[in-house]
Amino acid sequence: MEGIELSISGHPEVYEPSNDTFLLLRALGNARGRALEIGTGSGIVAIYLAKKGLDVLATDLNPHALRLARHNARQNGAAIEVVRADMFEGIGGSFDTIAFNPPYLPTGPEDTTGDRWLDASVNGQSDGQHFIRRFLSGLRENLTSRGRAYVVSSSLSGFPKRPPPGLAGRVMAAEKLEFEMLRVHQIRWQ
């Protein structure tokens, strides 16, 4: 992470930073401006962006994640604002950088662990693209004209074929794992 060292604590009901998280961090190397991270979890991405000098708003629905992100921000001397929100709902303004590591695993009722918050962090519903589609549909109102959005996908679920009208995308980073290919897509205005 280009010379930025972070100390991140965990919580049993919060998604632990993994290969997808670190791939997203690598793709954010040129991030700038006002930033939003949706689904912050431990806060590692938001904290990294704040340490790079960005003004960061981090959101999550999981109350354990909100407390953990605040704790990790204090532990790393990072100034981030952490609020409870569902995707873009209740978020005001536009952002130059928007990051999202969504729940992307295709899942059905039989795939739950029984832990509400951990299930919510990985279960992307039947095709794995539900949250990616919701994210893409909110970008037009929340991405500045020169902004960039970054979203993680897996070969297990794929990625919607077309971004919303007026937006274009490209793969910024990819990593082959044993059972899947992870990708970070950058979305911007055309």
Scan the range 1-44 residue by residue and report those that are within 19 Å of residue 82 (Cα to Cα), touching a helix residue (DSSP H, G or I) at 6+ places or on another chain (Cβ under 7 Å) and free of Cβ contacts under 8 Å to residues at least 60 places away in the same chain.
-> 11, 17, 25, 40, 42, 43, 44
Conditions: (1) over 28 Å from residue 157 (Cα atoms); (2) surrounded by 19 or more Cβ atoms within 10 Å (Cβ to Cβ); (3) not hydrophobic (A, V, I, L, M, F, W, C). Residue 59 meets all but one. Number of the miss?
-> (1)
Exactly one of 26, 116, 67 is over 16 Å from the mean Cα position of the chain (by Cα), of a type in the set (Lys, Arg), modelled with pLDDT of 95 or more and surrounded by fewer than 19 Cβ atoms within 10 Å (Cβ to Cβ), and that one is 67
All positions within the range 130-183 that are among the polar types (S, T, N, Q) and either surrounded by fewer than 20 Cβ atoms within 10 Å (Cβ to Cβ) or in contact with a Ser or Thr (Cβ under 7 Å, 6 or more places away or on another chain) (or both) | 137, 142, 144, 145, 155
Do we find that residue 42 is in contact with a strand residue (DSSP E or B) (Cβ under 6 Å, 6 or more places away or on another chain), of a type in the set (S, T, N, Q) and modelled with pLDDT of 95 or more in this structure?
-> no
Just wondering, is there one or more residues in the range 42-54 that are crowded, with 16+ Cβ neighbours inside 10 Å, over 13 Å from the mean Cα position of the chain (by Cα), of a type in the set (A, V, I, L, M) and in a helix (DSSP H, G or I)?
-> yes
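The values are calculated or read from the model by the stated rules, or taken from the named source; none is laboratory data. Everything numeric in this text was worked out from a predicted model, so none of it was measured. So basically every Cβ, Gly included, is an ideal-geometry build from the backbone, and we count neighbours across all protein chains shown.
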